[in-house]
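Some notes on the structure that comes next.
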Amino acid sequence: IFVAANFQGMQMILHQSHTVGAPDGTPGLPFLNWSTTRGDLRVAHVFGLLAIQVLPVSGWLVSKARLSERNESAVTIALGVLYTAFAFWVNRVAMSGRPLL
């Protein structure tokens, strides 16, 4: 997921733009400034980069839940699959030119 997010960053660099369907600088969310009117590749990039922190921490939290080893593995894999699906869904939304919110 992390490597795919790096390619999303490269895509923004190559296109010299992070907004899809409009020029950069459209109205955005407070503090983050992610576009609220068009697709914004920065959203997918951030969630993809956060995977390198979110997934190990979630695995550690699952290990503290006193589950059997098999269930720990299943829950950790399920969380990884769900996070991956979410990261790719956010990218798809951005590439279609729709804002996340």
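The values are calculated or read from the model by the stated rules, or taken from the named source; none is laboratory data. As the structure is a prediction and not an experimental result, all values here were calculated from the model. All Cβ positions, even for glycine, are placed from backbone atoms using ideal geometry, and neighbour counts span all protein chains on display. Calculation scope for accessible area: heavy atoms of the full protein, side chains included, ligands and nucleic acids excluded. Shrake-Rupley method; radii C 1.70, N 1.55, O 1.52, S 1.80 Å.
Between segment 74-99 and segment 35-54, what is the separation of their alpha carbon centroids in Å?
Segment 74-99 and segment 35-54 have Cα centres spaced 10 Å from each other.
Can you compute the FRET efficiency between GLN11 and ALA78 using 1/(1 + (r/R0)^6), with r the Cβ-Cβ distance and R0 = 41 Å? Round to the nearest 0.05. Intermediate results must be reported in sequence, preceding the final value.
Numbers: r = 29 Å, r/R0 = 0.70.
Efficiency at R0 = 41 Å is approximately 0.90.
Under a 5 Å amide H to amide H cut-off, with H placed in plane at 1.01 Å, what residues pair with GLY39 once short-range neighbours are removed?
VAL20, GLY97, ARG98
First compute the accessible area of the chain with a 1.4 Å probe, then give the percent of it belonging to carbon and sulfur atoms. Don't jump to the answer; show the numbers that get you there.
Numbers: 4450 of 6670 Å².
So the carbon and sulfur contribution to the accessible surface is 67 percent.
In sequence order, what are the phi-derived ³J(HN,Hα) couplings for segment 37-49 according to the Karplus relation 6.51 cos²θ - 1.76 cosθ + 1.60 with θ = phi - 60°, rounded to whole Hz, with x for glycine and proline?
Whole-Hz 3J(HN,Hα) from phi for segment 37-49: 10, 9, x, 10, 5, 5, 4, 5, 4, 5, 5, x, 5.
Can you give me the solvent accessible area of SER17 with a 1.4 Å probe, rounded to the nearest 10 Å²?
30
Kindly report the accessible area of the chain per residue (heavy atoms of protein chains, probe 1.4 Å, no ligands, DNA or RNA), in Å².
Numbers: 6670 Å² over 101 residues.
Accessible area per residue: 66 Å².
Can you compute the helix-only [θ] at 222 nm over the chain? Use -39500 (n - 2.57) per DSSP H run of at least 4 residues, normalise by all residues, nearest 500 deg cm²/dmol. Walk me through the intermediate numbers first.
Details: 3 runs with 64 residues, N = 101.
Rounded to the nearest 500, it is -22000 deg cm²/dmol.
Report ³J(HN,Hα) in whole Hz for each residue of segment 52-59, in order, from the Karplus equation J = 6.51 cos²θ - 1.76 cosθ + 1.60 where θ = phi - 60°; Gly and Pro get x.
Residue by residue, segment 52-59 yields 5, 9, 5, 5, x, 5, 5, x Hz.
What angle, in degrees between 0 and 90 and rounded to the nearest 10, separates the Cα long axis of helix 2-15 from the longest principal axis of the Cα atoms of the chain?
Once rounded, the angle reads 0 degrees.
Can you tell me the order of 28-37, 87-96, 42-51 when each peptide is scored by its average per-residue count of other Cβ atoms within 10 angstrom, highest first? Can you show the working numbers first?
On the way: 28-37: 14.8, 87-96: 17.6, 42-51: 20.7.
By packing density, highest mean first, the sequence is 42-51, 87-96, 28-37.
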